[in-house]
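See structure below.
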Amino acid sequence: MEGFLCPTFGLGGVCQTRGRKRNKNKNVSKAERLKRRQLKEEREAEKKRFNFMERIQMRNAQGSSSISLKDIGRYDAVKLEEEAKKNDDQLQLMPIFGICTTEHMHSQFLPLATALAYIRRTHSPSIYGKSDPLLQLRIELNMSTEKATKFVPDSRQLIVLPHPFKHSEKRTILAFAGTKELQSEVMTQGADVALGPEMIKKILKGHFIMDDYDFCIAHDDMARHILPLRGVIKTRFPTKINGGIGEDLVGILHNFLSGVNLVVRRDAVNKEWGLCEPLVGRLNMPDEHIEDNVEVIVDALCKQRKAVLGSFINRACLITVPAGPQQSFFPIDVSPWEPLATEEELEKFEQSKKKKDQKKTKKKKAADDDEEEEGEGEDEEKTEEDGIERLFPNLDKIDEKTLLKLM
């Protein structure tokens with residue numbers, strides 16, 4: 001019975017009995033203690049980087065798909081620069097042969113004309129056989145701001161390009177027009193619905209659903225009528241800034257139908273990283289037209305972040321839509337179109353940074369002084385208590401009556 005209950009019964013008949021744990025009270029060296037302390041401090045510092053709710057959001061987001069890990073992956077400029085400095089002697093600036101590995105090369109950013117020539121070669125009749133695929137610009141963004149806890153918010157806007165093209169995107173547009181003649185004209189030009197001032201109250205009461213429409217446009221005559229709808233339409237409310245309101249309602253409609261969506265998305269896992277994937281044209285367009293479209297897109301995108309903080313674009317890759325059997329991407333140089341901060345802006349930014357640093361140092365000094373004063377007060381109390389104990393060593397045993405007599 002004892003052999004049957006043994007965990008190793010049937011494996012040679014040898015039964016192992018566990019003894020005491022060895023090396024339990026082993027002496028730990030100073031180096032080992034220092035190493036453990038450093039690891040503990042690193043863990044605590046990592047925990048303090050994010051608050052409780054941010055850690056929960058990151059944990060939930062790790063299960064979902066991260067946009068930084070999709071398609072061609074993420075370009076970490078800081079990490080690659082550090083590696084390039086370490087291996088500066090070994091890395092090559094330009095490839096010697098036609099085939100090379102990226103590990104032995106500096107990051108290559110091609111001119112737009114060169115990238116278009118490569119794409120036309122791969123889409124020739126002998127390879128892919130597609131002469132007019134859509135061209136997409138995959139723009140990786142640096143979403144960090146002045147404050148470490150704040151990032152550039154997600155946004156969506158429509159941009160009118162100087163050289164429009166057929167992008168085959170279906171958009172539902174609602175138009176506000178004052179007269180029935182203008183309403184019928186807008187409907188014939190491509191608007192889904194055209195409404196007049198009599199429908200405003202019905203929309204506010206909820207009899208007409210506005211969620212089914214992507215964009216809203218309006219004539220200048222309807223400006224005062226649609227003001228109560230600002231809370232209902234929210235980001236789709238037509239303004240002069242987004243180009244949704246004006247006198248030429250038909251022209252505004254054509255701009256919204258042919259324009260390009262500029263959607264900025266922030267990564268759920270890596271909050272300092274964002275992505276924007278606008279369409280820039282078709283491959284059969286002239287290089288000058290595609291270049292003009294890219295310039296307008298980069299200019300509109302860089303307005304969402306201060307130029308003083310540095311480059312907003314980490315990398316911009318030119319790809320085709322739909323992709324071939326193996327999607328090829330070409331990083332292009334967009335620095336000629338990125339805005340640069342002026343000397344006045346840089347001086348103001350440095351001055352504000354110095355003021356913030358001075359405030360932080362003052363707060364730290366005040367906190368240190370308070371801690372020193374508290375420590376001195378505690379030391380004085382301890383010295384008084386020690387003096388009383390020396391005079392009356394058996395103070396705890398003395399009754400209240402005797403204490404009153406001594407007082």
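Read-outs throughout are calculated quantities, based only on the coordinates presented, and are distinct from any laboratory measurement. This one's a predicted model, so the numbers in the text were calculated from it and none came from an experiment. Cβ coordinates were reconstructed from backbone atoms using ideal geometry, including for glycine residues, and neighbour counts include every protein chain displayed.
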For each of Asp248, Asp221, count neighbouring Cβ atoms within 10 Å of the residue's Cβ, then give the residues from fewest to most. Asp248, Asp221
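How large is the dipole of the stretch 131-215 about the Cα centre if only Lys and Arg carry +1 and Asp and Glu carry -1, each at its Cβ, rounded to the nearest 20 debye?
The dipole magnitude comes to about 240 debye.
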If I model a spin label at Gln108 and Asp221 as a point 7 Å from the Cα along the Cα→Cβ vector, what separation in nanometres do I get? 6.0
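What is the fewest-to-most order of Leu257, Leu141 by other Cβ atoms lying within 10 Å of their Cβ?
The fewest-first ordering by Cβ neighbours comes to Leu257, Leu141.
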Residues of the stretch 253-268 with amide N under 19 Å of the 7 Å Cα→Cβ point at Thr145: 263-268
Links exceeding 21 Å between C-alpha atoms in this model, out of Lys35/Lys360; Lys271/Lys306; Lys47/Lys147, come to Lys35/Lys360
Distance between modelled label sites at Leu309 and Glu44, nm, 7 Å Cα→Cβ extension: 3.1
Note down the net charge around Leu346, summing +1 for each Lys or Arg and -1 for each Asp or Glu among other residues with Cβ under 12 Å from its Cβ. -2
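Rounding to the nearest 20 debye, state how big the charge dipole of the stretch 234-351 is about its Cα centre with +1 on each Lys and Arg Cβ and -1 on each Asp and Glu Cβ.
820
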What's the extension gain from Thr235 to Ser335 if we count 0.36 nm per residue and subtract their Cα-Cα distance? 32.9 nm
By the Cα gyration tensor axes a ≥ b ≥ c (a/c under 1.5 gives rounded; else a/b larger than b/c gives prolate, otherwise oblate), the shape of the stretch 142-260 is oblate
Taking amide H positions as placed in the peptide plane 1.01 Å from N, state which residues far from Phe176 in sequence (5 or more) or on other chains have amide H under 5 Å from it. Leu195, Ile217, Ala218, His219
Below 29 Å Cα-Cα, how many Lys pairs turn up in the stretch 154-248? Only count pairs eight or more apart in sequence, or on different chains, if you could. 19
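For Ser124, Ser155, what ranking results if the residue with the fewest other Cβ atoms within 10 Å of its Cβ goes first? Write out the running numbers ahead of the final one.
Values: Ser124 12, Ser155 15.
By the 10 Å Cβ count, ascending, the order reads Ser124, Ser155.
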